[in-house]
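The values are calculated or read from the model by the stated rules, or taken from the named source; none is laboratory data. Just so we're clear, the structure is a prediction, and the values are computed from it rather than from any experiment. Reconstructed Cβ throughout: ideal geometry from the backbone, glycine too, with neighbour counts over all protein chains shown.
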Amino acid sequence: MTDRQRVSADYDRNASEYIDALGSVEQMALSDRELIGQWRDACSGPLLDAGCGPGHWTHFLCRDDRDATGVDLSQEFIGHARATYPEAKFECGDFSQLPLPPDYCGGILAWYSLIHTDPSEVPRVLEEFARVLRPGASLLLGFFDGKDGEAFDHAVSPAFFRSHKGMSNDLKAAGFRIVKSHRRTDPGSRPHAALIARKPNLFTA
(Lines give C-alpha, C1' and ligand atoms only; values in the text may rest on other atoms or scores of the structure.)
Protein backbone atom coordinates (compact mmCIF):
# COMPACT_ATOMS: atom_id res chain seq x y z
CA MET A 1 0.00 0.00 0.00
CA THR A 2 1.36 3.42 -0.97
CA ASP A 3 1.34 6.38 1.39
CA ARG A 4 -1.53 7.97 -0.52
CA GLN A 5 -3.55 4.76 -0.43
CA ARG A 6 -3.00 4.56 3.32
CA VAL A 7 -4.12 8.15 3.85
CA SER A 8 -7.20 7.55 1.69
CA ALA A 9 -8.08 4.40 3.63
CA ASP A 10 -7.51 6.11 6.99
CA TYR A 11 -9.85 8.98 6.13
CA ASP A 12 -12.47 6.69 4.60
CA ARG A 13 -12.48 4.70 7.81
CA ASN A 14 -12.77 7.78 10.04
CA ALA A 15 -14.90 10.00 7.79
CA SER A 16 -18.01 10.11 10.00
CA GLU A 17 -16.10 11.07 13.13
CA TYR A 18 -14.11 13.70 11.24
CA ILE A 19 -17.22 15.24 9.73
CA ASP A 20 -18.89 15.44 13.14
CA ALA A 21 -15.86 17.17 14.66
CA LEU A 22 -14.57 19.35 11.82
CA GLY A 23 -17.03 19.14 8.96
CA SER A 24 -18.43 22.67 8.81
CA VAL A 25 -17.00 26.14 8.35
CA GLU A 26 -18.73 27.26 11.54
CA GLN A 27 -16.52 24.82 13.49
CA MET A 28 -13.39 26.46 12.11
CA ALA A 29 -11.44 29.25 13.81
CA LEU A 30 -12.78 32.72 13.05
CA SER A 31 -9.31 33.89 12.03
CA ASP A 32 -9.14 31.08 9.47
CA ARG A 33 -12.53 31.98 8.03
CA GLU A 34 -11.47 35.60 7.73
CA LEU A 35 -8.13 34.75 6.11
CA ILE A 36 -9.62 32.34 3.58
CA GLY A 37 -12.47 34.73 2.81
CA GLN A 38 -10.10 37.61 2.16
CA TRP A 39 -7.89 35.42 -0.01
CA ARG A 40 -10.91 34.14 -1.98
CA ASP A 41 -12.17 37.65 -2.62
CA ALA A 42 -8.75 38.69 -3.93
CA CYS A 43 -8.68 35.82 -6.46
CA SER A 44 -10.26 35.79 -9.89
CA GLY A 45 -11.04 32.76 -12.02
CA PRO A 46 -11.70 29.12 -11.06
CA LEU A 47 -10.68 28.08 -7.56
CA LEU A 48 -9.37 24.67 -6.49
CA ASP A 49 -9.68 23.24 -2.98
CA ALA A 50 -6.85 20.69 -2.99
CA GLY A 51 -7.49 18.09 -0.31
CA CYS A 52 -11.03 19.33 0.26
CA GLY A 53 -12.07 16.77 2.88
CA PRO A 54 -15.84 16.83 3.45
CA GLY A 55 -16.20 19.90 1.24
CA HIS A 56 -17.01 22.71 3.68
CA TRP A 57 -14.21 24.99 2.49
CA THR A 58 -15.08 24.31 -1.16
CA HIS A 59 -18.64 25.38 -0.37
CA PHE A 60 -17.23 28.51 1.29
CA LEU A 61 -15.14 29.27 -1.80
CA CYS A 62 -18.06 28.95 -4.23
CA ARG A 63 -20.30 31.46 -2.48
CA ASP A 64 -21.44 34.42 -4.56
CA ASP A 65 -21.45 32.21 -7.67
CA ARG A 66 -17.71 31.57 -7.63
CA ASP A 67 -16.42 28.61 -9.62
CA ALA A 68 -14.83 26.21 -7.11
CA THR A 69 -13.85 22.54 -7.30
CA GLY A 70 -12.79 20.26 -4.47
CA VAL A 71 -10.43 17.32 -4.94
CA ASP A 72 -9.73 14.67 -2.30
CA LEU A 73 -8.36 11.14 -2.01
CA SER A 74 -11.21 9.96 0.23
CA GLN A 75 -14.25 8.57 -1.56
CA GLU A 76 -16.24 8.88 1.66
CA PHE A 77 -15.47 12.59 1.87
CA ILE A 78 -16.31 13.18 -1.79
CA GLY A 79 -19.60 11.31 -1.45
CA HIS A 80 -20.54 13.43 1.56
CA ALA A 81 -19.47 16.64 -0.16
CA ARG A 82 -21.50 15.97 -3.31
CA ALA A 83 -24.61 15.20 -1.26
CA THR A 84 -24.22 18.14 1.11
CA TYR A 85 -23.00 20.87 -1.25
CA PRO A 86 -24.53 20.17 -4.69
CA GLU A 87 -23.73 23.68 -5.89
CA ALA A 88 -19.99 22.90 -5.82
CA LYS A 89 -17.97 20.46 -7.92
CA PHE A 90 -16.07 17.58 -6.35
CA GLU A 91 -13.68 15.00 -7.75
CA CYS A 92 -11.98 12.03 -6.13
CA GLY A 93 -8.33 12.18 -7.07
CA ASP A 94 -4.72 12.89 -6.20
CA PHE A 95 -3.81 16.57 -6.14
CA SER A 96 -0.22 15.67 -7.02
CA GLN A 97 -1.56 14.68 -10.46
CA LEU A 98 -4.37 17.11 -11.21
CA PRO A 99 -6.58 16.53 -14.27
CA LEU A 100 -6.36 20.21 -15.19
CA PRO A 101 -4.65 22.07 -18.02
CA PRO A 102 -1.77 24.45 -17.40
CA ASP A 103 -2.62 27.98 -16.24
CA TYR A 104 -6.21 27.03 -15.41
CA CYS A 105 -6.77 28.03 -11.78
CA GLY A 106 -7.21 31.51 -10.40
CA GLY A 107 -6.32 30.26 -6.92
CA ILE A 108 -5.57 27.08 -4.98
CA LEU A 109 -6.46 26.46 -1.36
CA ALA A 110 -4.39 23.69 0.26
CA TRP A 111 -5.63 23.90 3.83
CA TYR A 112 -3.69 21.39 5.93
CA SER A 113 -3.86 18.99 3.00
CA LEU A 114 -0.08 18.51 2.68
CA ILE A 115 0.45 17.46 6.29
CA HIS A 116 0.30 13.76 5.36
CA THR A 117 2.71 14.17 2.44
CA ASP A 118 6.28 13.17 3.13
CA PRO A 119 8.33 16.39 3.12
CA SER A 120 10.56 14.98 0.38
CA GLU A 121 7.49 14.80 -1.91
CA VAL A 122 6.09 18.25 -1.15
CA PRO A 123 8.21 20.03 -3.81
CA ARG A 124 6.66 17.85 -6.54
CA VAL A 125 3.15 18.69 -5.33
CA LEU A 126 3.96 22.40 -5.28
CA GLU A 127 5.30 22.16 -8.82
CA GLU A 128 1.96 20.61 -9.84
CA PHE A 129 0.11 23.48 -8.17
CA ALA A 130 2.33 25.94 -10.03
CA ARG A 131 1.59 24.15 -13.31
CA VAL A 132 -2.19 24.58 -13.05
CA LEU A 133 -2.17 28.11 -11.59
CA ARG A 134 -2.47 31.10 -13.88
CA PRO A 135 0.43 33.57 -13.87
CA GLY A 136 -0.27 36.06 -11.11
CA ALA A 137 -2.60 33.66 -9.26
CA SER A 138 -1.97 32.56 -5.69
CA LEU A 139 -1.83 29.54 -3.40
CA LEU A 140 -3.02 29.64 0.21
CA LEU A 141 -1.33 26.90 2.18
CA GLY A 142 -2.10 25.95 5.80
CA PHE A 143 0.02 23.59 7.90
CA PHE A 144 1.17 22.76 11.41
CA ASP A 145 4.22 24.82 12.33
CA GLY A 146 7.05 22.91 13.99
CA LYS A 147 10.40 21.24 13.50
CA ASP A 148 10.75 20.73 9.79
CA GLY A 149 9.78 17.20 8.75
CA GLU A 150 9.13 15.92 12.27
CA ALA A 151 6.40 13.27 12.33
CA PHE A 152 3.55 13.46 14.83
CA ASP A 153 0.59 11.30 15.78
CA HIS A 154 -2.35 12.80 13.92
CA ALA A 155 -5.81 11.60 14.99
CA VAL A 156 -6.51 10.06 11.57
CA SER A 157 -3.26 9.35 9.72
CA PRO A 158 0.47 9.90 10.31
CA ALA A 159 1.47 13.49 9.61
CA PHE A 160 4.42 15.87 9.54
CA PHE A 161 5.23 19.27 10.93
CA ARG A 162 6.72 21.81 8.55
CA SER A 163 8.69 24.82 9.60
CA HIS A 164 7.73 28.22 8.28
CA LYS A 165 11.19 28.55 6.75
CA GLY A 166 11.19 25.06 5.25
CA MET A 167 7.81 25.45 3.58
CA SER A 168 8.74 28.91 2.34
CA ASN A 169 11.91 27.51 0.76
CA ASP A 170 9.92 24.73 -0.95
CA LEU A 171 7.50 27.28 -2.36
CA LYS A 172 10.30 29.48 -3.65
CA ALA A 173 12.00 26.46 -5.25
CA ALA A 174 8.73 25.70 -7.08
CA GLY A 175 8.73 29.22 -8.51
CA PHE A 176 6.40 30.95 -6.06
CA ARG A 177 6.86 34.31 -4.40
CA ILE A 178 5.77 34.56 -0.77
CA VAL A 179 3.41 37.50 -0.33
CA LYS A 180 1.94 36.98 3.14
CA SER A 181 2.40 34.77 6.18
CA HIS A 182 0.32 34.07 9.28
CA ARG A 183 0.96 32.21 12.52
CA ARG A 184 -1.24 31.45 15.50
CA THR A 185 -1.17 29.21 18.54
CA ASP A 186 -4.40 28.22 20.25
CA PRO A 187 -4.31 26.95 23.85
CA GLY A 188 -3.94 23.18 23.93
CA SER A 189 -3.31 22.77 20.20
CA ARG A 190 -0.37 22.59 17.83
CA PRO A 191 1.01 25.84 16.36
CA HIS A 192 -0.57 26.81 13.05
CA ALA A 193 0.91 28.60 10.06
CA ALA A 194 -0.36 29.79 6.70
CA LEU A 195 1.43 31.16 3.66
CA ILE A 196 0.06 32.95 0.63
CA ALA A 197 2.37 32.52 -2.34
CA ARG A 198 1.95 33.88 -5.84
CA LYS A 199 2.93 32.41 -9.18
CA PRO A 200 4.84 35.21 -10.90
CA ASN A 201 3.23 37.00 -13.77
CA LEU A 202 5.68 36.76 -16.64
CA PHE A 203 4.99 40.34 -17.62
CA THR A 204 5.58 41.85 -14.18
CA ALA A 205 7.92 39.45 -12.31
Those residues of the range 179-201 which are crowded, with 16+ Cβ neighbours inside 10 Å and among the aliphatic types (A, V, I, L, M), in sequence order
Ala193, Ala194, Leu195, Ile196, Ala197
For the range 5-28, which residues satisfy the criterion of being farther than 26 Å from Cys105 by Cα, aliphatic (A, V, I, L, M) and within 16 Å of the chain's Cα centre (by Cα)?
Leu22
Pick out, from the range 104-205, the strands (runs of 3 or more DSSP E) lying fully within it that include 2 or more residues that are over 23 Å from Pro54 (Cα atoms).
133-144, 177-184, 192-198
Suppose we filter the range 32-67 for residues that are of a type in the set (Asp, Glu) and either surrounded by 24 or more Cβ atoms within 10 Å (Cβ to Cβ) or touching a residue at least 40 places away in the same chain (Cβ under 8 Å) (or both); how many remain?
2
Single residue of Arg40, Arg63, Arg13 found to be touching a Leu at 6+ places or on another chain (Cβ under 6 Å) and modelled with pLDDT of 80 or more:
Arg40
Selection within the range 35-69 - more than 15 Å from Leu139 (Cβ to Cβ), within 16 Å of the chain's Cα centre (by Cα) and part of a helix (DSSP H, G or I)
Gly37, His56, Thr58, His59, Phe60
Residues that are under 24 Å from Ser189 (Cα atoms), surrounded by fewer than 23 Cβ atoms within 10 Å (Cβ to Cβ) and touching a Gly at 6+ places or on another chain (Cβ under 9 Å): does the range 73-83 have at least one?
no
Has the range 157-164 got at least one residue that is of a type in the set (A, V, I, L, M) and surrounded by 15 or more Cβ atoms within 10 Å (Cβ to Cβ)?
yes
